[in-house]
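The values are calculated or read from the model by the stated rules, or taken from the named source; none is laboratory data. Computed from a predicted model, the values in this text were never measured in an experiment. Glycine gets a Cβ as well: all are built from the backbone with ideal geometry, and neighbour counts include every protein chain shown.
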Amino acid sequence: MSSMPICATCPRVLLVLVLLGTGVVGCQTETPPDSYVARVGTNYLTEADLTRMLTSMGPVRDSSGARQQAIDQWVTRTLLYREAERLNLGSNEAVQRRLRRQRRSVLVSALRTRFEEETDTRPTAGEVRTYFERHKEKLRLQEPYVRVQCLTLSDRTTARTVRRELRRPPAPPDTAWARLVAEYATDTTQARRLSQQFLPRSQLGQQLPSALTSRIEDLQEGETTPVVQANGRYHVLRLDRRMPEGTPPELNWIEPKIRRRLRIRARKQIQATEVQRLRNRAQADGVLELP
């Protein structure tokens, strides 16, 4: 294949930059590892590599499908990488400039991560409480929060039985709910956890099938959805409580959000302190000049 001018913004070149910077090519060696999932030339995708790729994808409902998708992506990227190397794209001046910029970005990110790892940014319970008390008015719910009782079951007949139990007035007390979870739930941990906490309405879709959560808006407190089939299982959900937008929250409803905010603030403070230290040292060494 004849060589041709290389455009710095060519999608193929940009893809190579990503490959070189993120290490998605996997293990490259003349000696094959003891075991591997896939191979392209002397590039091997090991089980450990695949696990890291799947972890970066976040929670997935079809683990077998996600695994095959990750393998296919690795093969595609590795084939493109080999072709880019064959064409000697890395010798192009524009590509080298981009690689140097990417290397700098990766190293800066790694240093920031080290700053965070060397300092404990986890807020204490007292810090969380103090933040909550000081900002309670600003922390009013920005969307409805709900608490639900939800059971996932393996067959429709059992799901209908559970739904009848959940619909019996008055609302089932904690002991009745605990019995239903212990007797019928396919995932007792999730069932108990959901029933014990208020969650933003938008977050339920991350934990329950959309075919189920889409019905919540039509429910009044104490009402139950019909049996919903999704992902090969049968689901029944009862709306226990709904707190409208603008409600002053309890601390335990929003504690995870507060902890995230405090961690982000602590990280920013750590980075600002370290940057100032580096600036002072650079000025003392005479390597920093400012206008």
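Among the residues in the range 63-77, are any under 30 Å from G232 (Cα atoms), of a type in the set (S, T, N, Q) and surrounded by 14 or more Cβ atoms within 10 Å (Cβ to Cβ)? Give the steps one after another, and end with the answer.
In the first step, residues of the range 63-77 are kept if they are under 30 Å from G232 (Cα atoms); the result is 63-74.
Narrowing the set further to residues that are of a type in the set (S, T, N, Q) leaves 63-64, 68-69, 73.
If we keep only those that are surrounded by 14 or more Cβ atoms within 10 Å (Cβ to Cβ) as well, we get 69.
Within the range 63-77, one or more residues are under 30 Å from G232 (Cα atoms), of a type in the set (S, T, N, Q) and surrounded by 14 or more Cβ atoms within 10 Å (Cβ to Cβ).
Yes or no: the range 20-29 includes at least one residue that is at pLDDT below 90, more than 23 Å from the chain's Cα centre (by Cα), part of a helix (DSSP H, G or I) and at negative phi. So far as the range 20-29 goes, yes, one or more of its residues are at pLDDT below 90, more than 23 Å from the chain's Cα centre (by Cα), part of a helix (DSSP H, G or I) and at negative phi.
S91 satisfies every condition listed in (1) closer than 25 Å to Q203 by Cβ; (2) exposed (fewer than 10 other Cβ atoms within 10 Å of the Cβ) except (1).
Among the residues of the range 187-221, those that are crowded, with 17+ Cβ neighbours inside 10 Å and either farther than 18 Å from E245 by Cβ or of a type in the set (D, E, K, R) (or both) comprise A191, L194, S195, R201, L208, P209, L212. The residues listed here are R86, R82, R67, R100; of these, the one that is within 23 Å of the chain's Cα centre (by Cα), at pLDDT 65 or above and not small (G, A, S) is R67.
Residues in the range 266-290 that are surrounded by 11 or more Cβ atoms within 10 Å (Cβ to Cβ) and either over 30 Å from R129 (Cβ atoms) or in contact with a Pro (Cβ under 9 Å, 6 or more places away or on another chain) (or both): A266, V275, L278, R279, N280, R281, A282, Q283, L288. For the range 191-234, residues that are under 17 Å from P144 (Cβ atoms) and in contact with an Asp or Glu (Cβ under 9 Å, 6 or more places away or on another chain) total 7.
Condition check: small (G, A, S) and in contact with a helix residue (DSSP H, G or I) (Cβ under 7 Å, 6 or more places away or on another chain). Does S195 satisfy that? Considered against the rule, which asks whether it is small (G, A, S) and in contact with a helix residue (DSSP H, G or I) (Cβ under 7 Å, 6 or more places away or on another chain), S195 comes out as yes.
The residues of the range 137-173 that are among the charged types (D, E, K, R), touching a helix residue (DSSP H, G or I) at 6+ places or on another chain (Cβ under 9 Å) and within 30 Å of R263 (Cβ to Cβ), listed by number, are E143, R147.
Would you pick out the residues in the range 155-184 that are assigned to a loop (DSSP other than H, G, I, E, B) and either at pLDDT 90 or above or not assigned by TED's automatic domain parsing to the domain that holds E221 (or both)? If you could, list the steps in order and put the result at the bottom.
First, pick out the residues of the range 155-184 that are assigned to a loop (DSSP other than H, G, I, E, B): 155, 168-173.
D155, the sole residue that qualifies.
Of the set (1) modelled with pLDDT of 90 or more; (2) surrounded by 14 or more Cβ atoms within 10 Å (Cβ to Cβ), all apply to T121 but (1).
In the range 269-291, the residues that are without any contact (Cβ under 8 Å) to a residue 12 or more places away in the chain and part of a helix (DSSP H, G or I) form no Cβ pair under 7 Å with any partner that is of a type in the set (A, V, I, L, M) and loosely packed, with under 10 Cβ neighbours inside 10 Å, whether six or more places apart or across chains. A count restricted to the range 107-134 and to residues that are among the β-branched types (V, I, T) and either touching a strand residue (DSSP E or B) at 6+ places or on another chain (Cβ under 6 Å) or within 18 Å of L278 (Cβ to Cβ) (or both) stands at 3.
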